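The values are calculated or read from the model by the stated rules, or taken from the named source; none is laboratory data. Here the structure is a predicted model, which is why all the values come from computation and not from measurement. Using ideal geometry, Cβ is built from the backbone for each residue, glycine included, and neighbour counts are taken over all protein chains shown.
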Amino acid sequence: MGFSPGRVVALMGRYWYVLKGSVPRLLDIAYWPTVQMIVWGFMSMYLREQSGLIAGAFGLLIAAVLLWDVLFRGQLGLALCFLEDVWSRNLANLFVSPLRPSEMGLAMIAMSLVRTLIGIVPASILAIWFFGFSVYSLGLALVGFFFTLIMFGWAIGLAVSGLILRWGAGAENLAWGVMFAIMPLAAVYYPVTVLPGWLQPVAWAMPPAYAFEGMRMVLIHHQVDAGLMARGLALDIVYLGLGFLVFIRCFELARRRGLILQQGE
Amino acid sequence: MSAESPAIVVADLVKRYDQVNAVDGISFTVPRGSVTALLGGNGAGKTTTIAMMLGLLVPTSGSVTVLGHDMARHRARVLGRMNFSSPYVDLPHRLTVRENLKVFGRLYGVRDLKTRIAALADTLELDGVLDRPAGKLSAGQKTRVALAKALINEPEVLLLDEPTASLDPDTGDWVRSLLEGYRKGNGATILLASHNMAEVERLADQALMMKQGRIVDRGAPAQLIASYGRTNLEDVFLDIARNRGHAAEIAGAAS
């Protein structure tokens, strides 16, 4: 039996039913990006009064926090899909069906996209209303930044899900914490050049730096660096491949060690 | 694969965890259209054996073949023709019964899913709870929903881990009748792990008595009862568990 888009859609339905059936969950997805945007928006207003540079690029912090949420929610949204099945002790039911691990990965990616949009779009609209800043002023480049970041989030989310399958409940905190370990190197609020010299190659080895540097180039210099974006997306393809590899390898390890039946207990 | 060939073939199956053999070199076949029961105390290796039959667990050595396919390497080719239920594996609690059946129906590629769900709801008396979250059902209702999931794709091979656990006698009897009817109506092959000896006596064509990862005896329930000089399968089980009577003779001969 080959790859089945029907099975991917079936599993997306499973995750969608959980979301649509829970207003608190839907509100929670939109709540945190909105609160962060408001906080950073007020910070931006304060800094605008203090600094001419910030006055010239008022939206830097708001755009940065919204794009950071794309990265964070992209990863968390995927890992939470996996954790839903761990918590509900449903993994064995899924893996005795014809569902393949790669199909599960694709379904989680699709739902992560849905969850990220549910979180970010309302916050971005409120940013226009509260602070007069539209992240959509980045133009088509925003699409590039969005996918550069969310694809890296997916890669990390797949790897984290694999590690949860391998290590069980002890690894669940990775889902919430791993992105904050990457954040200092992602150049979210400052350029890569702020980092010590020896850390800068590490930052450039990950796609987020390309997105955030590209974002600052648009907002401050009104230029789009297509080459920068292309390099970020190329790195994403590599990381996404590695993420799938980790997930599938952990699944095979779980089969050898009998870990699938133990999840959630 | 001919129509006569067994549905399940287990050959020299071993599963080792660190220094312990959870399954220690078992071999058996399950003829098509029959019911085979795995019996044994806790830790005997029943669930581990079933997990290897489902491809959830890779054997250390030996093989499991279901409908002609090696489950360690080619399980994807046959999973659509099998299904499974266990009280240790839940359906997502936040989804309604209907939503759960829709998800699994689509995963198994069931055609005319709406009709299939309606038929299962009628057979398993789930009409009143179809739109209730799976987590808000009684134990009996959860068992029936798990069976509905297990039957959604009309499997040729059905693996059941304690299908009537925590059910009252009336509901348990009802489930057993359902399984008998399913086997007769669909020609399905059923393998079940159970602690309910009366259930095994009623349903099984052959019983495999497991202890410490090995099959210590096997046969039709009536044959086992006769050979152990007992009146019911529970006493046979106790003889094996406590290594007494005929079980002690067998163990002595084996050593």
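Things to note:
Residue by residue, here is whether (1) buried (at least 16 other Cβ atoms within 10 Å of the Cβ); (2) at pLDDT below 90; (3) at the interface with chain B (Cβ under 9 Å from one of its Cβ atoms) holds:
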site	(1), (2), (3)
A:Met12	yes, no, no
A:Leu27	no, yes, no
A:Tyr31	no, yes, no
A:Gly41	yes, yes, no
A:Phe72	yes, no, no
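- Highlighted here are the helices (runs of 4 or more DSSP H) found entirely within segment A:163-229 that include at least 1 residues which are in contact (Cβ under 8 Å) with a residue 24 or more places away in the chain and touching a helix residue (DSSP H, G or I) at 6+ places or on another chain (Cβ under 7 Å): A:173-182, A:207-221.
- Here the condition is being at pLDDT 95 or above, within 20 Å of the chain's Cα centre (by Cα) and surrounded by fewer than 17 Cβ atoms within 10 Å (Cβ to Cβ); of A:Ala211, A:Ala205, it holds for A:Ala205 alone.
- Selected residue [more than 14 Å from chain B (Cβ to nearest Cβ) and under 23 Å from A:Met43 (Cα atoms)] from A:Ala234, A:Ala186, A:Ala203, A:Ala226: A:Ala186
- Filter result for B:Lys211 (within 14 Å of chain A (Cβ to nearest Cβ), among the basic types (Lys, Arg) and in contact (Cβ under 8 Å) with a residue 12 or more places away in the chain): no
- Qualifying residue in segment B:184-195 (condition: of a type in the set (D, E, K, R) and either over 24 Å from B:Phe28 (Cα atoms) or crowded, with 17+ Cβ neighbours inside 10 Å (or both)): no
- The set of residues in segment B:214-246 that are buried (at least 21 other Cβ atoms within 10 Å of the Cβ) and part of a loop (DSSP other than H, G, I, E, B) contains only B:Tyr228.
- Any hit, segment A:248-256, residues being more than 30 Å from B:Gly55 (Cβ to Cβ) and surrounded by 13 or more Cβ atoms within 10 Å (Cβ to Cβ): no
- Of residues in segment A:217-247 being under 30 Å from B:Val89 (Cβ atoms) and among the aliphatic types (A, V, I, L, M), the one surrounded by the most Cβ atoms within 10 Å (Cβ to Cβ): A:Val246
- Those residues of segment B:1-33 which are of a type in the set (Gly, Ala, Ser) and either buried (at least 21 other Cβ atoms within 10 Å of the Cβ) or over 15 Å from the mean Cα position of the chain (by Cα) (or both), in sequence order: B:Ser2, B:Ala3, B:Ser5, B:Ala7, B:Ala11, B:Ala22, B:Gly25, B:Ser27
- Wholly enclosed helices (runs of 4 or more DSSP H) of segment A:1-112 bearing at least 2 residues without any contact (Cβ under 8 Å) to a residue 12 or more places away in the chain: A:5-20, A:23-50, A:52-56
- Single residue of A:Phe244, A:Phe251 found to be in contact with a Leu (Cβ under 7 Å, 6 or more places away or on another chain), within 14 Å of another protein chain (Cβ to nearest Cβ) and touching a residue at least 60 places away in the same chain (Cβ under 8 Å): A:Phe251
- When restricted to residues that are in a loop (DSSP other than H, G, I, E, B) and more than 12 Å from the chain's Cα centre (by Cα), segment B:189-213 contains 4.
- From the list B:Val145, B:Val157, B:Val200, the one residue that fits, being surrounded by 21 or more Cβ atoms within 10 Å (Cβ to Cβ), modelled with pLDDT of 95 or more and touching a Leu at 6+ places or on another chain (Cβ under 7 Å), is B:Val157.
- Residue within segment A:46-66 that is within 14 Å of chain B (Cβ to nearest Cβ) and modelled with pLDDT of 90 or more present: no
- Consider segment A:113-133 and keep the residues that are over 15 Å from the mean Cα position of the chain (by Cα) and touching a residue at least 40 places away in the same chain (Cβ under 8 Å). The one that is nearest to the other protein chains (Cβ to nearest Cβ) is A:Pro122.
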